[in-house]
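The structure under discussion appears below in the form of structure tokens.
The values are calculated or read from the model by the stated rules, or taken from the named source; none is laboratory data. Owing to the predicted nature of the structure, the values given are computational and were not obtained by experimental measurement. Please note: Cβ atoms are built from the backbone with ideal geometry, for glycine as well, and neighbour counts cover all protein chains shown.
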Amino acid sequence: MPPKIVEVIENGVCTACGACEAACPLNAVHVDLEAQRRDPDNLTYYVHGAACEVCEDCLTCSRVCPVVDGFPEDEFDNVRSFRGGKSELPGQDGAVVSAILKSLFEQGEIDCAVGVRRDENWGVEPFILTKASDVDLSRGTKYTSVPVLAQLKEAMKKYSKIAVVGVPCQAHGAALMRDTMTDKIVLVIGILCMESFTDEALCGNIIPNIMGLDVKKVVKMDFGGGKFWAYTRNGNGEEPEPHSVAIKEVAPLARNPCHHCLDYTSYYADLSIGSVGAPDGWNSIIVRNEIGEKYLNKVKGIEYVDDPKPGMFLIKKLADQKHKNNAPKEGEAH
Ligand SMILES: Cc1cc2nc3c(=O)[nH]c(=O)nc-3n(C[C@H](O)[C@H](O)[C@H](O)COP(=O)(O)OP(=O)(O)OC[C@H]3O[C@@H](n4cnc5c(N)ncnc54)[C@H](O)[C@@H]3O)c2cc1C
Ligand code: SF4
Ligand code: SF4
Ligand code: SF4
């Protein structure tokens, strides 16, 4: 029986999370970023593509694939607690993700984390963080998706207390790896996610063509108030200048798997962190299990508010919207 990831790839719903690449014992599968950059719907994400000449059908990849595993029935049935939080660090919102990683590195609770960093052209690459100061390189949201979990192949060889930060599909893949093949992943931090883009769509089209901006001058990107925002550097050290475009102009350009994704809040993570549901400059924090609670209790440097406004109702509303938009249409396989 061939691995089920072949169907996932052929149906164009591979999220490029990278879990199969990390898990495959024979290196038969490799998520090809260059191919992804060229064409969002290109099915040759894979150099080998679970290649028949290499693959021995052990099915390890199928066991860690979030798409094969499927989506949660109710993505709020494991909410253990919900609160707002912020730290003093610079970051996308309240920099709670950065504060968690920094504090756990400083206490020796983790010896490695997998995340992403960007260059001045907003080219994004996954990387392995090994110390508290590496956290400064990873802060800020990049709306380009890259195979974060592929880094786990290397990380699992060298480290034993690994934290993963990723969007829901990546958090799901990491949780499946922890369930089925490794005890080295100690914490999965999932971030909320409505959609992501290829580099080509975001930096090759939306920023330069739709918004008319020079990507090199962009210092921050964000979604909010029905708009996609890009902030550009101002020469005189003043506040960055905001530019926006309606979400409906950019959402159709999201990657194909994102149009089929039914997880908004990283259901399979230990901690889910976003901005929606909390005031500006704060994060919404969902603790989903004992592991999340244990590690969050150890973290220093986060200020909390118990009943943040606008609150959980807004997260549920957006999750509903994502489910309605992406639910399989009649007669469509999912
Ligand atoms: C593609 C995408 C879509 C999102 N959509 C929503 C949304 O609809 N609603 C919402 O409330 N929040 C959304 N977020 C989350 C939000 O933008 C913030 O990342 C989150 O609130 C954490 O903020 P922070 O201040 O703690 O981040 P920081 O402390 O600045 O840390 C950010 C962390 O996110 C990681 N990261 C950044 N970009 C990526 C990426 N592309 N892939 C994997 N990891 C990444 C970094 O490695 C870093 O560890 C989205 C994030 C992404 C990446
Ligand atoms: S079935 Fe096994 S050998 Fe084949 S691609 Fe998947 S993990 Fe690799
Ligand atoms: S594990 Fe991730 S990268 Fe591999 S086929 Fe599944 S979704 Fe794609
Ligand atoms: S919308 Fe879903 S598939 Fe797309 S990046 Fe977010 S979690 Fe992954």
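Just to be sure, is K153 without any contact (Cβ under 8 Å) to a residue 60 or more places away in the chain and surrounded by fewer than 23 Cβ atoms within 10 Å (Cβ to Cβ)? Taking the combined requirement at face value, the residue does not satisfy it.
Of all residues in the range 10-24, exactly one satisfies the criterion of being more than 19 Å from the chain's Cα centre (by Cα) and within 13 Å of ligand 2 (Cβ to nearest atom), namely C24. The residues of the range 222-266 that are out of contact with any strand residue (DSSP E or B) (no Cβ under 8 Å at 6 or more places or on another chain) and within 16 Å of ligand 4 (Cβ to nearest atom), listed by number, are A251, P252, N256, P257, C258, H259, H260, C261, L262, D263, Y264.
Of the set (1) of a type in the set (S, T, Y); (2) touching a helix residue (DSSP H, G or I) at 6+ places or on another chain (Cβ under 7 Å); (3) over 15 Å from G115 (Cβ atoms), all apply to S160 but (2). Within the range 172-216, if we keep just the residues that are modelled with pLDDT of 95 or more, more than 16 Å from ligand 2 (Cβ to nearest atom) and charged (D, E, K, R), the residue that is nearest to C261 (Cα to Cα) turns out to be E195. Could you check, for the range 259-272, whether at least one of its residues is in the same structural domain as G108 (by TED's automatic domain parsing) and surrounded by fewer than 16 Cβ atoms within 10 Å (Cβ to Cβ)? Yes.
So that you can scan it fast, the table gives a plain yes or no per residue for (1) away from ligand 1 (no atom under 14 Å from the Cβ); (2) under 16 Å from the mean Cα position of the chain (by Cα):
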site: C112; (1), (2): no, no
site: V146; (1), (2): no, yes
site: E154; (1), (2): yes, no
site: K158; (1), (2): yes, no
site: K161; (1), (2): yes, no
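When Y159, Y143 are checked against the criterion of being within 16 Å of ligand 4 (Cβ to nearest atom), aromatic (F, W, Y) and touching a residue at least 40 places away in the same chain (Cβ under 8 Å), a single residue qualifies: Y143. Residues considered: L187, L129, L137. Of these, the only one that is in contact with a Leu (Cβ under 8 Å, 6 or more places away or on another chain) and surrounded by fewer than 16 Cβ atoms within 10 Å (Cβ to Cβ) is L137.
Among residues of the range 54-65 that are of a type in the set (S, T, Y), those with a Cβ under 7 angstrom from a residue that is more than 16 Å from ligand 4 (Cβ to nearest atom) and in a helix (DSSP H, G or I), sequence gap 6+ or separate chain, pair up as T60/A23. Name the one entry in V299, V305, V276 that is in contact with a Lys or Arg (Cβ under 8 Å, 6 or more places away or on another chain), β-branched (V, I, T) and in contact (Cβ under 8 Å) with a residue 24 or more places away in the chain. Being in contact with a Lys or Arg (Cβ under 8 Å, 6 or more places away or on another chain), β-branched (V, I, T) and in contact (Cβ under 8 Å) with a residue 24 or more places away in the chain holds for just one of V299, V305, V276, which is V305. Each residue in the range 27-64 was checked for being at pLDDT 80 or above and touching a Ser or Thr at 6+ places or on another chain (Cβ under 9 Å), and 3 pass. For the range 224-247, the candidate set comprises residues that are surrounded by fewer than 12 Cβ atoms within 10 Å (Cβ to Cβ) and under 26 Å from F76 (Cβ atoms); within that set, the residue that is modelled with the lowest pLDDT is G225.
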